[in-house]
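A short worksheet on the structure shown next.
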Amino acid sequence: MWLLIVTVIVFNAIFLFMPKRLTPIELFSTCMFAMVLQQLVDLAFDLKLDWYGYFAPGVQWAYYIAILGIYPAVNAIFLNYYQFMKSKAQKFWYLVGWCIFAVVYEWLAIKSGYFYYHQWKVWYSAISYPFLYMILLLVLKTVRALVRTSVQTET
């Protein structure tokens, strides 16, 4: 549980004090999307299939600390510092770095006891993270396009 509490504090402190490159609507909509996607995936993989979970099988109150305390902050930090104007190589290494961070964090969560595996393997996560991060980037691009469209419609 210590890892969960420390990381909620650290990730949210980073989020609060980082210079924001994203607009409030971009932050809000991408964070909400990340939480909804995470809920849908956990509903299937955790509660339905029992491949992994938080703390113990079934829904735990502390599960919501992870959902509300970690996912929005990590999403915002990842997107805020994404290298939009950099080369493809820099974007690639940024994504690789975040995937490595996510896999190491997941491994630490398992070791600390707030996350567990049944049929899931850490390498499944290593394969999944690049796609999840690319989905977040696609959602941000979609939000930006929708905002541009709505601004053009208003004028």
Query raised in the report: All but one of (1) surrounded by 15 or more Cβ atoms within 10 Å (Cβ to Cβ); (2) of a type outside the set (Lys, Arg); (3) at pLDDT 95 or above; (4) over 15 Å from the mean Cα position of the chain (by Cα) hold for residue 53; which doesn't?
Result: (3)
**Report entry** Inter-residue pairs, beta-carbon under 8 Å, first under 11 Å from residue 103 (Cβ atoms) and surrounded by 15 or more Cβ atoms within 10 Å (Cβ to Cβ) and in the stretch 120-132, second at pLDDT 95 or above and aromatic (Phe, Trp, Tyr), 6+ apart
**Finding:** 129/98
Query raised in the report: If only one of 108, 136 is over 12 Å from the mean Cα position of the chain (by Cα), at pLDDT 95 or above and not β-branched (Val, Ile, Thr), which one is it?
Result: 108
Query raised in the report: List the pairs whose first member sits in the stretch 2-14 and is more than 16 Å from residue 112 (Cα to Cα), whose second member is at pLDDT below 95 and part of a helix (DSSP H, G or I), and whose Cβ atoms are under 8 Å apart, counting only residues at least 6 apart or on separate chains?
Result: 11/69; 12/69
Report task. Determine if the stretch 62-69 includes at least one residue that is closer than 15 Å to residue 132 by Cβ, surrounded by fewer than 13 Cβ atoms within 10 Å (Cβ to Cβ) and out of contact with any Ser or Thr (no Cβ under 9 Å at 6 or more places or on another chain). Result -> no
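The values are calculated or read from the model by the stated rules, or taken from the named source; none is laboratory data. Keep in mind that what you see is a predicted model, and the values were worked out from it rather than measured. We place every Cβ from the backbone using ideal geometry, glycine too, and count neighbours over all the protein chains shown.
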